[in-house]
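*Asks:* Structure incoming, see below.
The values are calculated or read from the model by the stated rules, or taken from the named source; none is laboratory data. A quick note: this is a predicted structure, and the numbers were derived from the prediction, not measured. Please note: Cβ atoms are built from the backbone with ideal geometry, for glycine as well, and neighbour counts cover all protein chains shown. Heads up: the accessible areas ignore ligands, DNA and RNA and are worked out on the full protein's heavy atoms, side chains in. Shrake-Rupley method; radii C 1.70, N 1.55, O 1.52, S 1.80 Å.
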Amino acid sequence: MTQRDVMEFDVVIVGGGPAGLSTAIHLANLVERHNAEVQKSGVGEALAPQICLIEKAAELGAHSISGAVLDPKALDQLVPGWRTAEPKAPVEAEVHDDYVLWLGEKGGFKLPVTPPPLKNHGNFVISLNKMVKWLGGIAEQKGIQVFPGFPGAVLQRDGNKVTGVQLGDSGVDKHGQQKGNFQAGGILAGKLTVLAEGSRGSMSKQLIADLGLQGKNPQVFGIGVKEVWEVPAGQCPPGLVVHTMGYPLDSKTFGGGWIYGMGQTEGGKNLVSIGLVVGLDYRDPTMDAHRQLQRMKLNPKVAAFLKGGKMLHYGAKSLPEGGLYSMPKTFGDGFVLVGDSAGLMNSMRLKGIHLAMRSGMLAAEAAFECLKKGDFSAAATAVYDQKMKADWLHDELWQCRNFHQGFHKGRLWGLLNAGFAQFFGGKGAFWSDELKSEAGHSYMQQLGAYFGGKGKPAQDKLPQDGTLTFDKLTSVYASGTMHEEDQPCHLVVTQPDLCATRCVEEFGNPCQHFCPAAVYEMEAKPGTKHGVDLKINASNCVHCKTCDIMDPYQVINWVTPEGGGGPNYTNL
């Protein structure tokens, strides 16, 4: 049996994104204020909790990707002086202009009125990568023990009680044998574990399933695919926010795009963030979000923003879009869930960073109460849920609670639903609390049903010229993704025989389409029933979790690879 070192902590935070770092920073602040008051008054006992934060990326921010327009509401509460702080908070530009483009295949037009949820004056275009690094510096200054490059592999549990996290092993070859540099992952024993793994976290999803924590509706996700471009000065000025509707998605597929003007380079050129979100509850088994983004860029209205520029970075991320009734129970014996792991996103505004940060702060307040009492039971951590329900965070989520579900009958019904809700302040029959949904993968139709029994039509060939549009492998290269090649595959297909048999016939192997990084490939294998077999290029994986979410048979299990592997996002 493998011997594992055990390190004792009071609070273990899993994930170094906005939610996890906000938890760490706010908890350190609360402890500092408490101890100052104890010293001043002589009443009570000082606290000296051991707090650690682990992150699977090689450095903080390397796996952090977002649109990203930041509502500063939570940051104002977490770091009140951030606008004048040193080192300076890494905001790219304050939003000065915003509008919505309705796109068709050959062009489009600006909507005369910007829907209220998409108005962004007072918000900031940011690089989430830079923001996370900045928050990480604050956390370390406050004495938080930050361990990048250490993925959490298995939750330590005693029945329903979470007792800590086992780190992933390193130095294991692709056959599961220990190499010369083998190092067993240690155990971080914690009185409270804060799960801030992000969307579809590997340990969070297992805990939710094991303890039956899922809410009224299954979680429904989207995938965001994104590029950062360098373009001539003035072409897309910093602080411009454009959202798109319509093309390239059909009327039955949820989603939309964005174009954000970021900061300037040293050479005086502008950076532009461009991307597309596609709801992972689509019907088309050949849907390919990466391909749809390339199609969107061919639209003249969009191409105009990129003319004369070059693509610098690419990335992809899943987004929890199910809303309030898709949130799991967020607390229990020895644990709380925050941020994307808790399903906190406003899909109506296409924003989640501020909600992730605020949830981290509320989790910190709950952790602080637990530390003072020495009680980390479910009854004690329930204060986190109480705080969320009494906070502006819950008010915002209630306003958009069925936004995504409203689109299950198509774009027109969804827009009417959203408009009705806005007009009546989130109330009314169209915004009923009884709107139900199923898990996103269940909406995918089989080939025969979707294409009317005519077979899958040939797709039009995109002009992947390497200037405006790109193939997946070129995009993956731009993500900076790297993994140790000789390690166990972190994309575990539990029933591989399905891939070359039923899935070929029924869905046409949708994994080769829905993966935005060309991980899944059907290669020729003579002598098999359909002459193909599944090849997994795990080293391409950008950690978006789309395969885990959208596989129609739910036989792909995404687990954490060796620490430090994955994308290396910059300016994303």
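*Asks:* With respect to Lys317, is the statement that it is open to solvent by 10 Å² or more (accessible area, probe 1.4 Å) and in a strand (DSSP E or B) true? Give the derivation first.
*Replies:* Details: open to solvent by 10 Å² or more (accessible area, probe 1.4 Å): yes; in a strand (DSSP E or B): yes.
Against the criterion (open to solvent by 10 Å² or more (accessible area, probe 1.4 Å) and in a strand (DSSP E or B)), Lys317 qualifies.
*Asks:* Restricting the search to segment 342-375, which residues are open to solvent by 30 Å² or more (accessible area, probe 1.4 Å) and closer than 20 Å to Val14 by Cβ?
*Replies:* Matches in segment 342-375: Glu365 only.
*Asks:* Just wondering, is there one or more residues in segment 443-458 that are open to solvent by 30 Å² or more (accessible area, probe 1.4 Å) and more than 30 Å from His408 (Cβ to Cβ)?
*Replies:* no
*Asks:* Further question: Within segment 502-509, is there a residue that is within 20 Å of the chain's Cα centre (by Cα) and touching a residue at least 12 places away in the same chain (Cβ under 8 Å)?
*Replies:* The answer is no, given that none of the residues of segment 502-509 is within 20 Å of the chain's Cα centre (by Cα) and touching a residue at least 12 places away in the same chain (Cβ under 8 Å).
*Asks:* Let me ask another. Look through segment 121-139, keep the residues that are crowded, with 21+ Cβ neighbours inside 10 Å and either part of a loop (DSSP other than H, G, I, E, B) or without any contact (Cβ under 8 Å) to a residue 24 or more places away in the chain (or both), and return whichever of them is nearest to the chain's Cα centre (by Cα).
*Replies:* Ser127
*Asks:* When the residues of segment 153-185 are filtered to those that are part of a loop (DSSP other than H, G, I, E, B) and under 28 Å from Cys544 (Cβ atoms), which remaining residue is least open to solvent (accessible area, probe 1.4 Å)?
*Replies:* Filtering first and then ranking leaves Gly185.
*Asks:* Hey, does segment 49-58 have a residue that's surrounded by 15 or more Cβ atoms within 10 Å (Cβ to Cβ), over 14 Å from Phe368 (Cβ atoms) and of a type in the set (Gly, Ala, Ser)?
*Replies:* Yes, because at least one residue in segment 49-58 is surrounded by 15 or more Cβ atoms within 10 Å (Cβ to Cβ), over 14 Å from Phe368 (Cβ atoms) and of a type in the set (Gly, Ala, Ser).
Yes/no matrix, rows are residues, columns are (1) free of Cβ contacts under 8 Å to residues at least 12 places away in the same chain; (2) closer than 19 Å to Ala58 by Cα; (3) of a type outside the set (D, E, K, R):
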residue: Pro151; (1), (2), (3): no, yes, yes
residue: Lys161; (1), (2), (3): no, no, no
residue: Val165; (1), (2), (3): no, yes, yes
residue: Val172; (1), (2), (3): no, yes, yes
residue: Gln177; (1), (2), (3): yes, no, yes
residue: Leu188; (1), (2), (3): no, yes, yes
residue: Leu192; (1), (2), (3): no, no, yes
residue: Glu197; (1), (2), (3): no, yes, no
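*Asks:* From the list Ile259, Ile223, pick out the single residue that is open to solvent by less than 40 Å² (accessible area, probe 1.4 Å), closer than 28 Å to Ala439 by Cα and of a type outside the set (S, T, N, Q).
*Replies:* The conditions single out Ile223.
*Asks:* Taking segment 328-345, which residues are within 22 Å of Phe403 (Cβ to Cβ), of a type outside the set (Lys, Arg) and either assigned to a loop (DSSP other than H, G, I, E, B) or in contact with an Asp or Glu (Cβ under 6 Å, 6 or more places away or on another chain) (or both)?
*Replies:* In the first step, residues of segment 328-345 are kept if they are within 22 Å of Phe403 (Cβ to Cβ); the result is 328-330, 337-345.
Retained after the next criterion (residues that are of a type outside the set (Lys, Arg)): 328, 330, 337-345.
Those that are within 22 Å of Phe403 (Cβ to Cβ), of a type outside the set (Lys, Arg) and either assigned to a loop (DSSP other than H, G, I, E, B) or in contact with an Asp or Glu (Cβ under 6 Å, 6 or more places away or on another chain) (or both): Pro328, Thr330, Val338, Ser341, Gly343, Leu344, Met345.
This table checks each residue for (1) β-branched (Val, Ile, Thr); (2) in contact with a strand residue (DSSP E or B) (Cβ under 6 Å, 6 or more places away or on another chain); (3) over 25 Å from Asn129 (Cβ atoms).
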{"residue": "Ser437", "(1), (2), (3)": "no, no, yes"}
{"residue": "His441", "(1), (2), (3)": "no, no, yes"}
{"residue": "Gln445", "(1), (2), (3)": "no, no, yes"}
{"residue": "Gly453", "(1), (2), (3)": "no, no, yes"}
{"residue": "Pro457", "(1), (2), (3)": "no, no, yes"}
{"residue": "Asp460", "(1), (2), (3)": "no, no, yes"}
{"residue": "Leu468", "(1), (2), (3)": "no, no, no"}
{"residue": "Thr474", "(1), (2), (3)": "yes, no, no"}
{"residue": "Ser479", "(1), (2), (3)": "no, yes, no"}
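Here's the yes/no breakdown for (1) within 30 Å of Gln177 (Cβ to Cβ); (2) at pLDDT below 95; (3) of a type in the set (S, T, N, Q):
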residue	(1), (2), (3)
Gly455	no, yes, no
Leu462	no, yes, no
Thr469	no, no, yes
Lys472	no, no, no
Ser479	yes, no, yes
Asp486	yes, no, no
Leu491	yes, no, no
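*Asks:* Working carefully through the options Leu111, Leu118, find the one that is aliphatic (A, V, I, L, M), surrounded by fewer than 20 Cβ atoms within 10 Å (Cβ to Cβ) and either touching a strand residue (DSSP E or B) at 6+ places or on another chain (Cβ under 8 Å) or more than 24 Å from Val228 (Cα to Cα) (or both). Spell out how you get there, then give the answer.
*Replies:* Details: Leu118 fails: surrounded by fewer than 20 Cβ atoms within 10 Å (Cβ to Cβ).
The match here is Leu111.
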